[in-house]
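Notes for the one structure printed next.
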Amino acid sequence: AIKRASALFEKKSPSPEQALSRLKADPAGEGIADADIIIEAVAENLDIKHAVFKNVEAKAKPNAILATNTSSIMIEDIATCLNNGDRLIGLHFFNPVPVMPLVEVIAGKQSNAEFLKRAMYFSGRLGKMPVAVASTKGFLVNRALLPYLFKAIEICEAGTDADLIDQALLDFGMPMG
């Protein structure tokens, strides 16, 4: 991960050495206690997310934002494992992250409004386009994406070449076909 980040910093950062100096591998989670924002990006499995957040919450400072990169699990469902569920928000980055500009900042019913504002600012500082959304099935983008994909499949099944569809979407301005 560090090697991959280094290559990305070389392409994107005006000072790649400085950016890399602030990044460290921390598989033991020793830096959790100092973090202002902690973003979980494990598999889309509620039990795994619960295990991660129980561990993180115990180590994190009280004003640290706990964020999940979930694309499909309701924020309220993930928050049930926390003592302070208002700390949890969603920060859904789209893949590939270096290419896709959008970040959904997802508010659960219990999410702290100040944490949501901080997450919007944080996302903007990353050079992303944050969009505030509610914790609803599929959030915003996945609700729009499925009809888009189904239509592409329908057109392909009707005989249109898949490469032609892909190119048309790229020509339209989509970062990925």
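The values are calculated or read from the model by the stated rules, or taken from the named source; none is laboratory data. Here the structure is a predicted model, which means the values were calculated and not measured. Positions of Cβ are generated from backbone atoms using ideal geometry, with glycine treated the same way; all protein chains shown enter the neighbour counts. Keep in mind that these areas ignore ligands, DNA and RNA; they rest on the heavy atoms of the full protein, side chains included. Shrake-Rupley method; radii C 1.70, N 1.55, O 1.52, S 1.80 Å.
Only residues that are aromatic (Phe, Trp, Tyr), at pLDDT below 95 and over 13 Å from ILE39 (Cα atoms): list them for segment 79-126, please.
The one that is aromatic (Phe, Trp, Tyr), at pLDDT below 95 and over 13 Å from ILE39 (Cα atoms): PHE94.
Name the pairs whose Cβ atoms lie under 7 Å apart, with the first residue in segment 1-27 and surrounded by 11 or more Cβ atoms within 10 Å (Cβ to Cβ), the second of a type in the set (Val, Ile, Thr), and 6 or more positions between them or separate chains?
LEU23/ILE2
For segment 51-106, how many residues meet the condition of being part of a helix (DSSP H, G or I) and of a type outside the set (Gly, Ala, Ser)?
Looking only at that region, the number is 13.
Take GLY159 and decide whether it is at positive phi and either among the aromatic types (Phe, Trp, Tyr) or open to solvent by less than 60 Å² (accessible area, probe 1.4 Å) (or both).
no
Which one is surrounded by the most Cβ atoms within 10 Å (Cβ to Cβ), of the residues in segment 43-93 that are within 13 Å of the chain's Cα centre (by Cα) and farther than 19 Å from LEU116 by Cβ?
So, considering only residues that are within 13 Å of the chain's Cα centre (by Cα) and farther than 19 Å from LEU116 by Cβ, the one surrounded by the most Cβ atoms within 10 Å (Cβ to Cβ) is GLU44.
Conditions: (1) more than 26 Å from ALA134 (Cα to Cα); (2) among the hydrophobic types (A, V, I, L, M, F, W, C); (3) out of contact with any helix residue (DSSP H, G or I) (no Cβ under 6 Å at 6 or more places or on another chain); (4) surrounded by 11 or more Cβ atoms within 10 Å (Cβ to Cβ). MET100 meets all but one. Number of the miss?
(1)
Could you check, for segment 23-40, whether at least one of its residues is part of a helix (DSSP H, G or I), out of contact with any strand residue (DSSP E or B) (no Cβ under 8 Å at 6 or more places or on another chain) and more than 28 Å from ALA144 (Cβ to Cβ)?
Yes, segment 23-40 has at least one match.
Could you tell me how many of the residues in segment 24-35 are within 23 Å of ARG125 (Cβ to Cβ) and at pLDDT 85 or above?
6
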